[in-house]
Every structure is written in structure tokens, then in C-alpha cells.
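Asker: The structure's right below; bear with me while I get my questions together.
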Amino acid sequence: MLIGILQTGYAPDALREAGDYPDMFERLLEGHGFDFHTWRVVDNEFPESVKDADGWLITGSKHGVYEDHAFIAPLEQFVRDAFAARVPVAGICFGHQIMASALGGRVEKYAGGWSVGPTEYDFEGERLTLNAWHQDQVTAPPPGARTIASTPFCAYAGFAYDDRGLSVQPHPEFSDAFLGGLIDTRGRGAVPEGQLDAAKARLGQPNDSARIAARIAEFFRQKRD
């Protein structure tokens, strides 16, 4: 099964030696039997068709879905086209947000600030700890989306769209080492220092990224009409 990775941003130069976002997702889903191909949609490199892969995965990004970038509108249309063709789409962080925006939800730069570091999410009664790194969040879900994850800070941290879409706000692909690097390269001066230091202190605790990887893999592999 070929998973098309739609890359919507780049890791900071200082952290890219260990791999960029597509590499992180390939590692996250390693062992689940997938092949991968990346399209750098952030540079307007789009697939010719939603049928060019068996499923699509939209990465995180430093950009906001409400910002004026040339790739935003075509990517939102791509999501709608994939849904219409019943080709499954999964989204992480920015991917979660742009799927919601494309399908009629609302995404905003959250006035309450940032979520950073290992964070406990309620996945329909199951408590999972995942790495978070975001200020933007979905503030109104799109029609037809079922909320599958939340925190007191982020009410809409995960959506299921029947068998066509699955998205989560946290970053199961981020290692603790990468997140620590993000704190130092992008966090200083943007996020309150006390919040960054507290997030760094939580790094190293058990993480449930493998559970989310299994859920994403199961979503892609399920049989569809």
C-alpha cells in the first residue's frame, strides 16, 4: 500500500540532520507494511491525482492554515477531492487543522497560548500521552467530524470522518530529542520560558506514539467500498 506524504513544511535546518518530517512519518509507521512517496506541497509540488497513492498523510508545518500561502487553497481542494473519491486522508497537527478547514471547520491562533511537550489526551476514555507543539487549533469542528481526542486546553484534538479521514493535533512522529530541539530553535522568544522549561523537564516519560501509529495504520488498511 502506497502512502503519499504531503509535506507542508520543513524542520528547522539545525535539526534536519536526523531527517525531515516525511522521514519521521516513515519511521513512525515502519513495520506496518507501507511504501511511501513524498510530495512537497509547501513548494507547490502536488500529485496529479488523488488516486496517485492509496492513502494520504498531511504533515505538520510552521505555517497557519489561515495564512496567505500559495499551497493552502490547492491543498484544501485536494482534501475535498480525496474525500469525494473515498481515498483515505490522515492529518497531523497542521494536517489536522487543514483537513478541518477544508471541510468547513474553523482554525485560529488560540488566544489561550501554546501546548508544548508531553501532554495527556483523552481518546474517548483512553488516556494517551503524546508530544504537543502548537498554538493554532481547531475551534469549531467541521460538519460530520466526530471528536475522538481532547484536552482541557484543546477541545478538538482529534477527528474521525467515517472511513475517509483521521486526524490528530499532537505529534506522534516527534521524538523527545526533536521536540527538545524545537523548544530551543523555535520556542525561545515565542513561548513563555517557564512553559518551555516545564515541557523540557517532562521529556523522557513514557509516550504512546506507537499506539497512534497503529491506529493510523489500521485506518489506512481498513476495507472500503
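Coordinate-derived values only; no laboratory data. Here the structure is a predicted model, which means the values were calculated and not measured. All Cβ positions, even for glycine, are placed from backbone atoms using ideal geometry, and neighbour counts span all protein chains on display.
Asker: To the nearest 500 deg cm²/dmol, what mean residue ellipticity at 222 nm is calculated for the chain from DSSP H runs of n ≥ 4 alone, each contributing -39,500 (n - 2.57), summed and divided by the residues?
Answerer: Helix-only estimate at 222 nm: -8000 deg cm²/dmol.
Asker: Between E30 and D43, what is the spin-label point distance in nm, taking each point 7 Å from the Cα along the Cα→C-beta axis?
Answerer: 2.5
Asker: Given the chain, what percent of its DSSP beta bridges are antiparallel, to the nearest 5?
Answerer: Roughly 55 percent of the DSSP beta bridges within the chain come out antiparallel.
Asker: What percent do you get for the relative contact order of region 94-197 when only Cα pairs under 8 Å and 6+ apart count?
Answerer: That works out to 25 percent.
Asker: Continuing with this model, one more query. What percent does the relative contact order of the chain come to when contacts are Cα pairs within less than 8 Å and at least six residues apart?
Answerer: 19
Asker: Under 17 Å Cα to Cα from K223, which aspartates and glutamates show up? Leave out anything in the same chain fewer than 8 places away.
Answerer: Within reach: D54, D162, D163.
Asker: How far apart, in nm, are the 7 Å Cα→Cβ label points at E120 and E193?
Answerer: 3.0
Asker: Let me ask something else about it. What FRET efficiency do you get for E76 and F153 if R0 is 30 Å and r is their Cβ-Cβ distance, rounded to the nearest 0.05?
Answerer: So, using R0 = 30 Å, E works out to roughly 0.70.
Asker: About its Cα centre, what dipole magnitude does region 6-86 give when the only charges are +1 on Lys and Arg Cβ and -1 on Asp and Glu Cβ, stated in debye to the nearest 20?
Answerer: 240
Asker: Okay, next question. Let me check I've understood the local charge: for P152, count other residues with C-beta under 14 angstrom from its C-beta, Lys and Arg +1, Asp and Glu -1. What total comes out?
Answerer: Here the charged neighbours net out to -1.
Asker: Among Q7, P22, A217, flag the residue with its Cα farthest along the positive direction of the charge dipole of the chain, charges on Cβ as +1 for Lys/Arg and -1 for Asp/Glu.
Answerer: Going by the Cα projections, it comes out as A217.
Asker: Related question: Only bridges whose two residues both fall in region 27-134 count here: according to DSSP, what percent of them are antiparallel, nearest 5?
Answerer: Bridges in region 27-134 are about 75 percent antiparallel.
Asker: Now, a different point. What do you get for trypsin sites (Lys or Arg not before Pro) in region 1-63 restricted to DSSP loop and a cutoff of at most 16 other Cβ within 10 Å of the site's Cβ?
Answerer: In loop regions of region 1-63 (DSSP not H, G, I, E or B), the sparsely surrounded trypsin sites (Lys or Arg not before Pro) are K62.
Asker: Another question about this same structure. Please give the Cα centre distance for region 173-219 versus region 77-143, rounded to the nearest Å.
Answerer: One Cα centre to the other: 16 Å.
Asker: Once a ≥ b ≥ c are taken as the square roots of the eigenvalues of the Cα gyration tensor of region 18-92, is the result rounded (a/c under 1.5), prolate (a/b larger than b/c) or oblate (a/b not larger than b/c)?
Answerer: oblate
Asker: Same structure again: Please get the size of the charge dipole for the chain, origin at its Cα centre, with Cβ charges of +1 on Lys and Arg and -1 on Asp and Glu, quoted in debye to the nearest 20.
Answerer: Computed about the Cα centre, the dipole is about 420 debye.
Asker: Follow-up. Pick out, in residue order, every one of the GluC sites (Glu not before Pro) in region 1-89 that is DSSP loop and has at most 11 other C-beta atoms within 10 Å; say none if there are none.
Answerer: E30, E48, E67
Asker: Treating only the Cβ of Lys, Arg, Asp and Glu as charged (+1, +1, -1, -1), what charge dipole size does region 154-217 show about its Cα centre? Round to the nearest 20 debye.
Answerer: In debye, rounded to 20, region 154-217 gives about 20.
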